[in-house]
Amino acid sequence: MIIRRVVLNSRPGINGVPAADNFRMEEVTLPDTIAEGQVKVRTLYLSVDPYMRCRMNEDSGSDYILPWKVSEVTDGGGIGVVEESRDPHLVVGDFVSCFSWPWQTKAILNGKQLEKIDPQLVGGQLSYFLGAAGLTGLTALLGIREKGHVSSGANQTMVVSGAAGACGSLAGQIGVLEGCSRVVGICGTDEKCSILVSEMGFDGAINYKKENVAQRLRELCPAGVDIYFDNVGGDISDAVISHMKPNSHIILCGQISQYNKDVPYPPPLPPAMEEIRKKQNITRERFLVLNYMEKFQASTMQLCQWIKEGKLKVRETEVKGLENIGAAFQSMMSGGNIGKQIVFISE
């Protein structure tokens, strides 16, 4: 059987900006038979995420993320349907997902690496298992619960950067659900600001490309900031940290503004910001969702419940076709998506 797949064509360079032509399509032959314990799957949806930028370098800079190899198939979060099975726990027609799904139209995978998913848990929206009911949602929920120190009724203010992205758009809503009295988002277009406030329940939103972030924070968070869900780092984070209260908390989720630079992760703060952080006793500990796997099941059920109840609004930006996954990745890295960026592969 001839299938199509995407491989890493070239590296952008440690300080380079990724482009669609860093990826390449090719055709390969898939074996006709599968071994004991394997399943043949047809890919339905693939995910592209900011952390993948680190995988484009020869050294990902992390011990838990492996770099992609040039001319080898790329992979990430994926969802598919079982077409043939020699795994006792999976049957033809089952919907499955995993974190290391190869970017190809069909694949033969070890049944043990696959998780069976039930579309009814999210009202039939299978792709949600790549975002709001998947690792993205878990990152937002567990980040807030483990590092945010939210206390219902404590009149806390949360600020979210990258607030219209996959994780940020969920984090702001979860902040409200967990008990924050005020949530403000920072993003890059007026359309995104409008969606955050009108659709997702944010109390305010700042367009960092047009507005003075520090000034708008003073207006929207007059009592200061208790919790900062940081997806971007850089100048935006410096502005937020300058407005944080004593004994407040930074949830260090991502640093997308720094991913095209050769800096350690998490990047050290500028000396002036580090001085403020220490003086104000602000916590800034690295958050890694994979350290909380024992909480995944219960947390996923919580996310699914909120989605079905309409308490968690989900946005997706969908691109169709495996051949467009490189362009989708490039767009996501430059803020072209609202909510989760997904790639639709087949019905």
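The values are calculated or read from the model by the stated rules, or taken from the named source; none is laboratory data. Since we're looking at a predicted model, the values are computed, not measured. All Cβ positions, glycine included, derive from the backbone under ideal geometry; neighbour counts span all protein chains shown.
Data overview
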| read-out | value |
| --- | --- |
| Residue match in the stretch 70-78 (condition: touching a helix residue (DSSP H, G or I) at 6+ places or on another chain (Cβ under 7 Å), closer than 27 Å to TYR292 by Cβ and not basic (Lys, Arg)) | yes |
| First in the stretch 267-289 and farther than 18 Å from MET158 by Cα, second anywhere and polar (S, T, N, Q) and part of a helix (DSSP H, G or I), Cβ under 7 Å, 6 or more apart | PRO267/GLN258; VAL289/THR139 |
| Flag for VAL7 being in a strand (DSSP E or B), out of contact with any Gly (no Cβ under 6 Å at 6 or more places or on another chain) and either assigned by TED's automatic domain parsing to the domain that holds VAL81 or farther than 17 Å from SER100 by Cβ (or both) | yes |
| Single unsatisfied condition, GLU58 versus (1) loosely packed, with under 14 Cβ neighbours inside 10 Å; (2) without any contact (Cβ under 8 Å) to a residue 24 or more places away in the chain; (3) not hydroxyl-bearing (Ser, Thr, Tyr) | (2) |
| Failed item in (1) among the aliphatic types (A, V, I, L, M); (2) in contact with a strand residue (DSSP E or B) (Cβ under 8 Å, 6 or more places away or on another chain); (3) modelled with pLDDT under 95, with ALA19 passing the rest | (2) |
| Test set (1) part of a helix (DSSP H, G or I); (2) surrounded by 14 or more Cβ atoms within 10 Å (Cβ to Cβ); (3) of a type in the set (S, T, N, Q) - ASN291 fails condition number | (2) |
| Some residue of the stretch 35-42 being free of Cβ contacts under 8 Å to residues at least 24 places away in the same chain and farther than 18 Å from PHE344 by Cβ | no |
| Failed criterion for ALA166 (all others in (1) surrounded by fewer than 24 Cβ atoms within 10 Å (Cβ to Cβ); (2) touching an Asp or Glu at 6+ places or on another chain (Cβ under 9 Å) hold) | (1) |
| Complete set of residues in the stretch 61-80 that are crowded, with 19+ Cβ neighbours inside 10 Å and not in a strand (DSSP E or B) | TRP68, THR74 |
| Condition met for GLY335 (free of Cβ contacts under 8 Å to residues at least 24 places away in the same chain and not in a helix (DSSP H, G or I)) | no |
| The stretch 99-122 residues that are under 24 Å from ILE65 (Cβ atoms) and surrounded by fewer than 19 Cβ atoms within 10 Å (Cβ to Cβ), paired with ones that are at pLDDT below 95 and of a type in the set (D, E, K, R) (beta carbon under 6 Å, 6 or more apart) | none |
| Matching residues in the stretch 81-107 - criterion: being part of a loop (DSSP other than H, G, I, E, B) and charged (D, E, K, R) | ARG86, ASP87, ASP94 |
| Criterion violated by GLY78 - all others in (1) under 30 Å from VAL197 (Cα atoms); (2) small (Gly, Ala, Ser); (3) under 16 Å from the mean Cα position of the chain (by Cα) satisfied | (1) |
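Matching residues to (1) among the charged types (D, E, K, R); (2) without any contact (Cβ under 8 Å) to a residue 24 or more places away in the chain; (3) not in a loop (DSSP other than H, G, I, E, B):
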{"position": "TYR128", "(1), (2), (3)": "no, no, yes"}
{"position": "ALA133", "(1), (2), (3)": "no, no, no"}
{"position": "GLY137", "(1), (2), (3)": "no, no, yes"}
{"position": "LEU142", "(1), (2), (3)": "no, no, yes"}
{"position": "ARG145", "(1), (2), (3)": "yes, no, yes"}
{"position": "SER151", "(1), (2), (3)": "no, no, no"}
{"position": "MET158", "(1), (2), (3)": "no, no, yes"}
